[in-house]
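Below is one structure, written out as structure tokens; the observations come after it.
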Amino acid sequence: TNAANKVAKVVKAGGAEIWAGTTISTGDNFSVPVIPFSTTATTMTARVWSPDADIPVRLKVENSADGGVSVETEARTTVAGAWETLTFDFGDQVGGTAALNLAATYDKASIFFDFGTTGADKIYYLDDLTWP
């Protein structure tokens, strides 16, 4: 609705895998600036728009040079067809995924809308991804 604002449009195409997502990048190596996690700063926020309420949105951060260094967490949308800010706490990782390692470098982020559900040609939007 604001031509001066730029947002990411994410299409989870029909039949897309349950884990289909989008990598967020600020450079050619699919990375973002190093995320400065600390003992008192383990969260990131994102403004999202979803056509559905109560869907899981997973956020994964990893080391762009070593995909084996990663941590994943989830938040759920609470509204349909409207913008909201979700908070992702990497100190509370998704079960079965690695815990946040404060000594590691995290400089790659990927978002997965409606994680765990096959794609159904739905459109999501992402804006204002922030970290500590």
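The values are calculated or read from the model by the stated rules, or taken from the named source; none is laboratory data. Everything numeric here is computed off the predicted structure, so don't read it as measured data. Positions of Cβ are generated from backbone atoms using ideal geometry, with glycine treated the same way; all protein chains shown enter the neighbour counts. For accessibility, only protein heavy atoms count, side chains too; no ligands or nucleic acids. Shrake-Rupley method; radii C 1.70, N 1.55, O 1.52, S 1.80 Å.
How much length is gained if the chain between residue 30 and residue 99 is pulled fully straight, taking 0.36 nm per residue apart and subtracting their Cα-Cα distance, in nm to one decimal? Write out the running numbers ahead of the final one.
On the way: separation 69, 0.36 × 69 = 24.84 nm, distance 2.22 nm.
Here the segment from residue 30 to residue 99 would lengthen by 22.6 nm.
Around residue 77, with a cut-off of 10 angstrom between Cβ atoms, what is the net charge of the other residues, counting Lys and Arg +1 and Asp and Glu -1?
Numbers: positive: 76; negative: 52, 54, 84, 114.
Summing Lys/Arg as +1 and Asp/Glu as -1 gives -3.
Going by average Cβ neighbours within 10 Å, how do the peptides 83-95, 108-120, 31-43 rank, with the highest at the top? Provide the component values of the computation, followed by the final result.
Numbers: 83-95: 15.2, 108-120: 18.8, 31-43: 13.6.
Put in order of decreasing packing, that is 108-120, 83-95, 31-43.
In what order, largest first, do 125, 106 sit by accessible area if the probe radius is 1.4 Å?
Listed by decreasing accessible area, they come as 125, 106.
Report in % the part of the accessible area of the range 1-129 that belongs to carbon and sulfur, leaving out ligands and nucleic acids; probe 1.4 Å. Mind showing how you got there, number by number?
Numbers: 3310 of 6710 Å².
Carbon and sulfur together cover 49 percent of it.
Ratio of the range 66-132's C-alpha Rg to 2.2 N^0.38 Å, to two decimals? Mind dumping the intermediate values first?
Numbers: Rg = 13.5 Å, N = 67, 2.2 N^0.38 = 10.9 Å.
Relative to the rule-of-thumb radius for its length, the range 66-132 sits at 1.24.
Tell me, what is the per residue accessible area of the chain in Å², probe radius 1.4 Å? Let's see the in-between values first.
Working: 6920 Å² over 132 residues.
Value returned for the chain: 52 Å² of accessible area per residue.
Heavy atoms only, probe 1.4 angstrom, no DNA, RNA or ligands counted: give me 58, 76 ranked by accessible area, highest first. Please report the intermediate quantities before stating the final value.
Numbers: 58 25, 76 115 Å².
Largest to smallest exposure gives the sequence 76, 58.
Hand me the tally of lysine pairs in the chain: alpha carbons under 19 angstrom apart, and the pair either on different chains or 8 or more positions apart.
Details: 9/60; 9/108; 9/122; 12/60; 12/122; 60/108.
So the count works out to 6.
Taking mean projected area of the Cα convex hull in nm² straight from the coordinates, which label in [x] 9.6; [y] 12.8; [z] 8.3 is the correct one?
Of the labelled values, this structure produces [z].
Can you work out the FRET efficiency for the pair residue 11 and residue 89, with r the C-beta to C-beta distance and R0 = 30 Å, to the nearest 0.05?
After rounding, the FRET efficiency stands at 0.65.
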